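**Q** Structure in C-alpha cells, see below.
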Amino acid sequence: MLASKEIERGALVVDVREGTRWRIPSDLKEVRKLLPVRVVYLEASDAVLLRRYSETRRPHPLGTDAPVRSSLKAERKWLGPIRKLADIVIDTSKFNVHELRAHVLEQFTRRRPVREFSSRS
C-alpha cells in the first residue's frame, strides 16, 4: 500500500478459520508504525448466530461434530484477544446484510467537506 499510487485503503479480514497461526497483536503493532489502522470487530448475539446457522444449514467452521452453541463459545474465546484490540465493535445482530453494508460504508466513507458557494450579483 505504501508504494502504490492507486491504493488508498485496504482491509485485512481474520476469522476463526485462520486457526492459531496469526499473531495479530504483534503484527498490528508493527503495521501501526507504518500506517493508520483501525481494527473493526463484527459480532452478534448467540441467539442471532444460532438462527443464522440454522437458516443457512451450514456447519460452524470449527467443526461439524460439535453443536453450534459450543463452537460459538470456542470462537469467542479464540477471537477475544482481537476483540480487545478493536477500535470499533459493530454488533450485527439487528442488521441484515444490506443494512450492515450501508452501516459499514457510512462508518468508513471519507467525508468530503461541503463547498460553500457564494453567488455574485
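The values are calculated or read from the model by the stated rules, or taken from the named source; none is laboratory data. No experiment lies behind these values; they were computed from the predicted model shown. Neighbour counts run over all protein chains shown; Cβ positions are idealised from the backbone, glycine included. Calculation scope for accessible area: heavy atoms of the full protein, side chains included, ligands and nucleic acids excluded. Shrake-Rupley method; radii C 1.70, N 1.55, O 1.52, S 1.80 Å.
**Q** Just give me the residues in the range 85-101 being open to solvent by 70 Å² or more (accessible area, probe 1.4 Å) and not in a helix (DSSP H, G or I), in sequence order.
**A** So the first thing to find is which residues in the range 85-101 are open to solvent by 70 Å² or more (accessible area, probe 1.4 Å), and the list is 87, 91, 94, 96-99, 101.
87, 91, 96 - these are the residues of the range 85-101 that are open to solvent by 70 Å² or more (accessible area, probe 1.4 Å) and not in a helix (DSSP H, G or I).
**Q** Still on this model: Between residues in the range 14-37 that are open to solvent by less than 60 Å² (accessible area, probe 1.4 Å) and residues that are at pLDDT below 70 and not polar (S, T, N, Q), which pairs lie under 7 Å by C-beta distance while being six or more apart or on different chains?
**A** Going by the 7 Å Cβ cut-off, the qualifying pairs are 14/22.
**Q** Quick one: residue 82 ticks every box in (1) open to solvent by 40 Å² or more (accessible area, probe 1.4 Å); (2) under 15 Å from the mean Cα position of the chain (by Cα); (3) of a type outside the set (S, T, N, Q) except a single one, so which number is it?
**A** (1) is the only condition that residue 82 fails.
**Q** Pairs under 6 Å by beta carbon, first residue over 14 Å from residue 52 (Cα atoms) in the range 87-100, partner open to solvent by less than 40 Å² (accessible area, probe 1.4 Å) and in a helix (DSSP H, G or I), six or more apart or different chains?
**A** 100/92
**Q** Moving to a separate point now. Got a number for residues in the range 38-50 being open to solvent by 100 Å² or more (accessible area, probe 1.4 Å) and of a type in the set (A, V, I, L, M)? I'd like the intermediate steps shown before the answer.
**A** From the range 38-50, those open to solvent by 100 Å² or more (accessible area, probe 1.4 Å) are 38; that's our starting set.
Pick out the ones that are also of a type in the set (A, V, I, L, M) and you get none.
Final tally of qualifying residues: 0.
**Q** Just checking, which of 48, 104 is at pLDDT 85 or above, in contact with a strand residue (DSSP E or B) (Cβ under 8 Å, 6 or more places away or on another chain) and part of a helix (DSSP H, G or I)? Give the derivation first.
**A** Numbers: 48 fails: in contact with a strand residue (DSSP E or B) (Cβ under 8 Å, 6 or more places away or on another chain).
It is 104.
**Q** Restricting the range 51-75 to residues that are of a type in the set (A, V, I, L, M, F, W, C) and part of a loop (DSSP other than H, G, I, E, B), which is surrounded by the fewest Cβ atoms within 10 Å (Cβ to Cβ)?
**A** Of the residues in the range 51-75, the ones of a type in the set (A, V, I, L, M, F, W, C) are 62, 66, 68, 72, 74.
Checking which are part of a loop (DSSP other than H, G, I, E, B) leaves us with 62, 66.
Numbers: 62: 18, 66: 14.
Among residues in the range 51-75 that are of a type in the set (A, V, I, L, M, F, W, C) and part of a loop (DSSP other than H, G, I, E, B), the one surrounded by the fewest Cβ atoms within 10 Å (Cβ to Cβ) is 66.
**Q** Is it the case, given these coordinates, that residue 110 is in a loop (DSSP other than H, G, I, E, B), open to solvent by 100 Å² or more (accessible area, probe 1.4 Å) and modelled with pLDDT under 75?
**A** On the way: in a loop (DSSP other than H, G, I, E, B): yes; open to solvent by 100 Å² or more (accessible area, probe 1.4 Å): yes; modelled with pLDDT under 75: yes.
Criteria met by residue 110.
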